[in-house]
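Below: the structure, in structure tokens.
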Amino acid sequence: MSETTKPIILDGKQTAKDIRSEIAETVAGMVERGEKAPHLAAVLVGNDGGSETYVNYKVKDCKEVGFGSTLIRKADTISQEELLQVVKDLNENPEIDGFIVQLPLPKHIDEQEIIRAIDPGKDVDGFHPVNVGNMVLGMDGFLSATPSGIVELLRRYKIETSGKHCVVIGRSNIVGTPMSILLSRNTEVGNATVTLCHSRTKNLKEITLQADILIPALGKPGFVSGDMIKEGAVIVDVGTTRVPDDSKKSGYALKGDVKFDEASPKASAITPVPGGVGPMTRVSLLLNTLKAGRLKA
Ligand code: GUN
């Protein structure tokens, strides 16, 4: 991009709003036909500020689209067995179409065992090994919310991915790894040549400079500077780190992994933070819950 051309802002906030309207319409139709509205449950253990905010948003989103929602709060002293029982009860509750256990869990809890206990048909986070396996094999299942939200954002903005070099930074189970797999698949948004970079990657800048699509997902505010970006690249910033900011009522600001001011003169398209990937992640959970509800209808 030349100095005078502005990049396309990949507006996740507006896109998610559009999708919520579509979901609300679908739910209204279901209810009109006498079907049950989808119902999401969220389990929140302890009182971590970030987790609390995210779960509250999830409940609010459900209300907006006409889903039922249940918030189950448990003290951070809960035992592994007690939490497994909560999961078992939700698996068996016919009112609940899908549920999530908000992560991270307290250190004394074996997170993987909790995830494995969730019925894959209700695992709207897409974290269960069965759903991860289905994703790898290109079979139907629930996709992890952030990568599927990014795919939907790229699809709606008609960003070409086929044959492009896509560089993902960060290999987490819930973002970087599934993102790299989804973009390399033979699907409409896919067929990219993907490089997955991580903390042991050498010469990172050499690699990011080759990226047609750059997806940093490492949670380090401002990690990606302008000199790491190829002219015309599409930038999808997954980072949303809370940094103290006295000018905000909340006392913090959300910062992305990308230095936006340095990146935007070079990018052809870029997601803002906030208002980019975050809202798409939230709406993906609603889409998964809608799918879970319909599967049971
Ligand atoms: N913690 C951070 N992101 C997520 C998410 O997408 N799902 C759950 N369950 N916990 C999280």
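The table below lists the values:
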| item | result |
| --- | --- |
| Filtered residues of the range 27-44 (kept if surrounded by fewer than 18 Cβ atoms within 10 Å (Cβ to Cβ), of a type outside the set (A, V, I, L, M) and in contact (Cβ under 8 Å) with a residue 24 or more places away in the chain) | Glu35, Lys36 |
| Filtered residue count, the range 45-65, keeping only those that are more than 10 Å from the ligand (Cβ to nearest atom), open to solvent by less than 40 Å² (accessible area, probe 1.4 Å) and under 20 Å from Leu290 (Cβ atoms) | 4 |
| Selection count, the range 223-244, where residues are open to solvent by less than 50 Å² (accessible area, probe 1.4 Å) and touching a Gly at 6+ places or on another chain (Cβ under 7 Å) | 3 |
| Scan of the range 90-125 for residues that are part of a helix (DSSP H, G or I), surrounded by fewer than 13 Cβ atoms within 10 Å (Cβ to Cβ) and out of contact with any helix residue (DSSP H, G or I) (no Cβ under 8 Å at 6 or more places or on another chain), ordered by number | Glu92, Gln112 |
| Residues satisfying the stated conditions in the range 244-266, i.e. assigned to a loop (DSSP other than H, G, I, E, B) and either touching a helix residue (DSSP H, G or I) at 6+ places or on another chain (Cβ under 8 Å) or on the phi > 0 side of the Ramachandran plot (or both) | Gly251, Lys259, Pro265, Lys266 |
| Candidate set from the range 160-171 (those that are surrounded by 17 or more Cβ atoms within 10 Å (Cβ to Cβ) and not in a strand (DSSP E or B)); member that is nearest to the ligand (Cβ to nearest atom) | Gly170 |
| Residue check for Ser199: away from the ligand (no atom under 16 Å from the Cβ), under 29 Å from Gln102 (Cα atoms), out of contact with any helix residue (DSSP H, G or I) (no Cβ under 6 Å at 6 or more places or on another chain) and in a helix (DSSP H, G or I) | no |
| Given (1) on the phi < 0 side of the Ramachandran plot; (2) open to solvent by 50 Å² or more (accessible area, probe 1.4 Å), index of the condition Asn191 fails | (1) |
| One residue from Lys205, Lys249, Lys259 being out of contact with any Leu (no Cβ under 8 Å at 6 or more places or on another chain) and either within 25 Å of Ser184 (Cα to Cα) or touching a residue at least 40 places away in the same chain (Cβ under 8 Å) (or both) | Lys205 |
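The values are calculated or read from the model by the stated rules, or taken from the named source; none is laboratory data. For clarity, every value in this text was computed on a predicted model and none was experimentally measured. Don't worry about glycine lacking a Cβ; one is built from the backbone with ideal geometry, like all the others, and counts go over all protein chains shown. Heavy atoms of the whole protein, side chains included, go into the accessibility calculation; ligands, DNA and RNA do not. Shrake-Rupley method; radii C 1.70, N 1.55, O 1.52, S 1.80 Å.
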